[in-house]
Amino acid sequence: MRLFIPGLIVTLLAASCSHDRNVPSATTASLDSLHFMTEEAPEWSDLLKRRSGWFGGDGIFAATSDGIETPGASKNSETTIWFSDTMLGDIVGDSLKPGYEMIHNSAALLKDGVPDSDHIHFYWKTEANKNAAPFRPATPATQKDEYYWLGDGFVDHQKNKDLYIFGYRVKNISDSVAFGFKVVGNTLVIVPAGGQAPYPDYRQVDIPFFSGKDMDSIGSFGAGIYVNTTEAGARNPDGYVYIYGVRGKKKELIIARVEPSDIENFAKWTFWDGHGWNSDVSKIATVTDRVSNELGVMQLKDGRYAMVFQRDGWSNNVALRLSPTPYGPFGALINLYDCSKALAASKNLFAYNAKVHPVLSAPDELLISYNVNSLDFFKDIKLFPDLYRPRFIRVKILP
């Protein structure tokens, strides 16, 4: 484990290699090393340290309204940010006031990519004088008492610039354990172009793959997305959107791809089988492992693709793997940052679901968020009211 030291410049050559690679040695070396400097990004962390209304949430994905996915694109467009479980209430001094509550998702709009409270506004629904999540499952497969955990999303230039967000239908299974829920279905949530937050009009479509199966072990899609199209500004466009999924206790990566125009035509999706793209989802292969249920992919200036995640799903370490393509082969695990400082207040705190946000990043750096939560949430949220929010770090890529 490498402890974070502010300003430390590291050339990291990982000691172990991913099991899934079979590439020439020169390429292998370039996938296993990265010259970088890591620092905290307090201006972004402080943006989500709020005292009233929205004061916490996890998840966090972002897309520009014009669908450009290049580094820094948020400076030229309004950026939609969405969260999963969200806390609403008021903090006075160090105390969380009675009346706080949790809803299952929320959204924010950021102007000009500026991490300043005057440039961001948060949104959720109000119905019959009660706060509610903007997005709730209502597909044919939806059962009673399900709610949404939201995955990654993108603006589809070939579908009227609608915003497509991956949804996970979730059901609580117990109130007595820290992780008393399970994913029971996978969907697409479609917000029409120009839709106004908190989005009264949206569509939902069930994703049929793995339907009726144990999704925790067999997998689901939407952990991350890479839009490799000319319209999104990709440097090596092949016309596909790459859709990453995660399955099993080893947090194994699976990948699908489809042309954006066919995103709702599930017969047109193909799946990486270890050798090529296969139309049979049962042939899907594990590409690498030790990733997290939310992740992000960004192409570096040198052409390599960096997949950023929380090592092993939830741990103290933000990590990445490098690849020559959006679909692999992926190199060895490279640790970027130790989150221990943010977890010091309580032994119950843990970090999870790190990801890079390309549209908020500069071309020569990766702006990365990670989430903080507690194994004894409703006790610790009263003791540490601002614990439940994304923190940000900046990884500068050096020559």
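The values are calculated or read from the model by the stated rules, or taken from the named source; none is laboratory data. On a predicted model such as this, the values are computed, not experimentally measured, just so you know. Note that we place each Cβ from the backbone using ideal geometry, even for glycine, and neighbour counts take in every protein chain shown.
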Across the range 336-350, which residue is farthest from the chain's Cα centre (by Cα) among those that are closer than 15 Å to residue 389 by Cα and part of a strand (DSSP E or B)? 349
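Name every residue in the range 310-331 that is small (Gly, Ala, Ser) and surrounded by fewer than 20 Cβ atoms within 10 Å (Cβ to Cβ), in order of residue number.
313, 315
Determine which member of the set 123, 147 is surrounded by fewer than 20 Cβ atoms within 10 Å (Cβ to Cβ), touching a strand residue (DSSP E or B) at 6+ places or on another chain (Cβ under 7 Å) and aromatic (Phe, Trp, Tyr).
On the way: 147 fails: surrounded by fewer than 20 Cβ atoms within 10 Å (Cβ to Cβ).
Criteria check complete, one pass: 123.
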If you go through the range 231-249 one residue at a time, do you hit one that is closer than 27 Å to residue 301 by Cα, of a type in the set (S, T, N, Q) and in contact with a helix residue (DSSP H, G or I) (Cβ under 7 Å, 6 or more places away or on another chain)? no
Return the pairs, sorted by first residue and then second, in which the second residue is exposed (fewer than 10 other Cβ atoms within 10 Å of the Cβ) and polar (S, T, N, Q), the first residue lies in the range 117-146 and is within 23 Å of residue 190 (Cβ to Cβ), the beta carbons are less than 9 Å apart, and the residues are 6+ apart or on different chains. 132/126
Filtering the range 241-258 down to residues that are touching a residue at least 60 places away in the same chain (Cβ under 8 Å) and under 19 Å from residue 158 (Cβ atoms), which residue is farthest from the chain's Cα centre (by Cα)? 257
The condition from (1) at pLDDT below 95; (2) of a type outside the set (Phe, Trp, Tyr); (3) part of a strand (DSSP E or B) that residue 37 misses is numbered (1)
Where a residue in the range 367-392 is on the phi > 0 side of the Ramachandran plot and its partner, wherever it lies, is modelled with pLDDT of 95 or more, with Cβ under 9 Å and at least six apart: none
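Residues checked against (1) in contact with a Ser or Thr (Cβ under 8 Å, 6 or more places away or on another chain); (2) surrounded by fewer than 17 Cβ atoms within 10 Å (Cβ to Cβ); (3) over 30 Å from residue 286 (Cβ atoms):
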| residue | (1), (2), (3) |
| --- | --- |
| 160 | no, yes, yes |
| 174 | no, yes, no |
| 193 | no, yes, yes |
| 215 | no, no, no |
Screening 59, 99 for residues that are crowded, with 21+ Cβ neighbours inside 10 Å and at positive phi leaves only 59
Flagged in the range 280-309 as surrounded by fewer than 23 Cβ atoms within 10 Å (Cβ to Cβ), of a type outside the set (A, V, I, L, M) and farther than 21 Å from residue 258 by Cα, in numbering order, are 289, 290, 301, 302, 303, 304
Return yes or no: is residue 378 over 30 Å from residue 262 (Cβ atoms), hydrophobic (A, V, I, L, M, F, W, C), surrounded by fewer than 21 Cβ atoms within 10 Å (Cβ to Cβ) and at pLDDT below 95? yes
Restricting to the range 353-399, name every residue that is under 14 Å from residue 57 (Cβ atoms) and part of a loop (DSSP other than H, G, I, E, B). 385, 386, 387, 388, 389, 390
Return yes or no: is residue 293 in contact with a strand residue (DSSP E or B) (Cβ under 6 Å, 6 or more places away or on another chain), closer than 26 Å to residue 353 by Cα and among the polar types (S, T, N, Q)? yes
Which of the residues that make up the range 239-288 are of a type in the set (Asp, Glu) and closer than 29 Å to residue 352 by Cα? 252, 273
Run residue 396 past the list (1) in contact with an Asp or Glu (Cβ under 8 Å, 6 or more places away or on another chain); (2) crowded, with 21+ Cβ neighbours inside 10 Å and report the number of the one that doesn't hold. (2)
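Can you name the residue in the range 40-80 that is under 27 Å from residue 228 (Cβ atoms) and polar (S, T, N, Q) and, of all such residues, is farthest from the chain's Cα centre (by Cα)?
Filtering the range 40-80 down to residues under 27 Å from residue 228 (Cβ atoms) leaves 41, 44, 59-80.
Remaining after also requiring polar (S, T, N, Q): 64-65, 70, 74, 76-77, 79-80.
Working: 64: 15, 65: 18, 70: 16, 74: 17, 76: 22, 77: 20, 79: 15, 80: 14 Å.
The extreme case among them is 76.
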